[in-house]
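Everything on this sheet refers to the single structure shown next.
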Amino acid sequence: MEPAAAQTLASRTWDVAWVDRDAGSAWTGRGVGAEVNSGSPADGPELVADIHAGRRGGGTWLGGIAFPGARWTPLWAGFPAVRFVRPSRAWQGALPVAGGPRAVGGAPDEQPDPAWLDAVTRARGCIRSGGMEKVVLARAIARRAATAWDAHEVFDGFLRHVGGRRVFLLRGTDGAALVGATPETLLRIRGDRVEVDALAGSQVEGSAFTVKDRHEHRVVVDAITAVLDAFARRVHRPGAPRVMDLGYIRHLHTRLSATLAPDASVADLLRALFPTPAVAGAPREAALAFIRQHETIDRGWYAGAIGRVAPGDVDLAVALRCVLLRGAEAQVFVGAGIMDASEPGAEWAETARKSAPAMRALEGAAHAVPG
């Protein structure tokens, strides 16, 4: 891999980018040197394990796995259920722009969608009747520009103005782009060290976290702990969550770490983790069934597993706080965790706040017109 990713970012001679603010590093790439893909998200963990084990050759691969069970529509044409690309040219270097929490402006002024509010009410009823403990419901906000969106400009907006552990731009085979700044690590493996984030429970600045927030967070931490107990040793679970302050929203955050067991399968570990209750719900199968029945959007890669994989090195995040760009059209994806104490109006407001980073990035990229 060639050095000087910072200069390459500035020159915009790249197709894909992955910025890791935790490590202070950036990766960029251009062209397709090699590619692995599949039409089923179920194949994703095995392909990631192949790359991690060096069975697909060396180098760094960038890509993702769609949210399991997501319905396919032309919106995500160009993004197979699984796709990882090893660029024909790649650059790595130090983080070019310091990242951290930013004030990114207010949420969009929009009327709540009665159908989405009704889905929240139905979810709450299912939870109260014992059908599940939690489910995450997503929605999409459409924006249209006078001309085609410049994906590099949108990426630059996320990089400069939005807090998030990973900032990314991933391309579909048709030139569409998924751009965002996600705060949540799904799975990091370096050597035998494993790290996973539990990110659930959200509030605005000045508001205290509620019993509902802490219950929602505990559901996610318990599920991740159970997975790590099965695949790793010396699991470290902090006694209490920290607060991740992103400026536009605050999350309860617990980072769990462990030592991967010598005989553990990376594919089975990823399969057991993904998707976590933070983006699907609990129990997983009941939550996924509810999502398939009641969600009206095509999640595609939203809430999927995205990131960078190389031999001996896995850095996957959850595809959150992101926007899909296709020509002059943009789709901003957001979601909220529904519990028995959820109020539909409050959950709608939370999703609106979560859309603020993408809206801020879009503002600086083109003059958007209502759409």
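Considering segment 244-297 alone, what residues qualify as being of a type in the set (S, T, N, Q) and farther than 12 Å from Asp197 by Cα?
Answer for segment 244-297, where residues must be of a type in the set (S, T, N, Q) and farther than 12 Å from Asp197 by Cα: Thr259, Ser265, Gln293, Thr296.
Just need a number here: residues in segment 87-102 that are modelled with pLDDT of 90 or more, in a loop (DSSP other than H, G, I, E, B) and surrounded by fewer than 17 Cβ atoms within 10 Å (Cβ to Cβ).
1
Condition first: over 28 Å from Glu363 (Cβ atoms) and in a strand (DSSP E or B). Now tell me which residues in segment 113-137 satisfy that.
The answer is Lys134, Val135.
So in segment 103-143, with the set limited to residues that are modelled with pLDDT of 90 or more and within 24 Å of Val167 (Cβ to Cβ), which one is surrounded by the fewest Cβ atoms within 10 Å (Cβ to Cβ)?
Filtering segment 103-143 for residues that are modelled with pLDDT of 90 or more and within 24 Å of Val167 (Cβ to Cβ), the one surrounded by the fewest Cβ atoms within 10 Å (Cβ to Cβ) comes out as Ala142.
On the basis of being in contact with a strand residue (DSSP E or B) (Cβ under 9 Å, 6 or more places away or on another chain) and without any contact (Cβ under 8 Å) to a residue 60 or more places away in the chain, does Arg165 make the cut?
Considered against the rule, which asks whether it is in contact with a strand residue (DSSP E or B) (Cβ under 9 Å, 6 or more places away or on another chain) and without any contact (Cβ under 8 Å) to a residue 60 or more places away in the chain, Arg165 comes out as no.
Kindly indicate whether Arg139 is under 30 Å from Gly24 (Cβ atoms), in contact (Cβ under 8 Å) with a residue 40 or more places away in the chain and among the charged types (D, E, K, R).
So Arg139 does not fit the description; no.
Out of the residues in segment 247-259 that are touching a helix residue (DSSP H, G or I) at 6+ places or on another chain (Cβ under 8 Å) and not hydroxyl-bearing (Ser, Thr, Tyr), state the one that is nearest to Arg160 (Cα to Cα).
Ile249
Which ones in segment 27-75 are surrounded by 24 or more Cβ atoms within 10 Å (Cβ to Cβ) and either assigned to a loop (DSSP other than H, G, I, E, B) or not β-branched (Val, Ile, Thr) (or both)?
Once the filter is applied, which keeps residues that are surrounded by 24 or more Cβ atoms within 10 Å (Cβ to Cβ) and either assigned to a loop (DSSP other than H, G, I, E, B) or not β-branched (Val, Ile, Thr) (or both), segment 27-75 yields Trp27, Gly29, Gly44, Trp61, Leu62, Gly63, Gly64, Ala66, Phe67.
Enumerate the helices (runs of 4 or more DSSP H) found wholly within segment 209-318, keeping only those where 3 or more residues are surrounded by fewer than 17 Cβ atoms within 10 Å (Cβ to Cβ).
So the answer is 211-231, 284-294.
Of the residues in segment 172-206, how many are among the charged types (D, E, K, R) and surrounded by 24 or more Cβ atoms within 10 Å (Cβ to Cβ)?
Of the residues in segment 172-206, 2 are among the charged types (D, E, K, R) and surrounded by 24 or more Cβ atoms within 10 Å (Cβ to Cβ).
The values are calculated or read from the model by the stated rules, or taken from the named source; none is laboratory data. The shown structure was predicted, so the numbers you read here are calculated from the model rather than taken from an experiment. With ideal geometry, Cβ positions are generated from the backbone for all residues, glycine too; neighbour counts draw on all protein chains shown.
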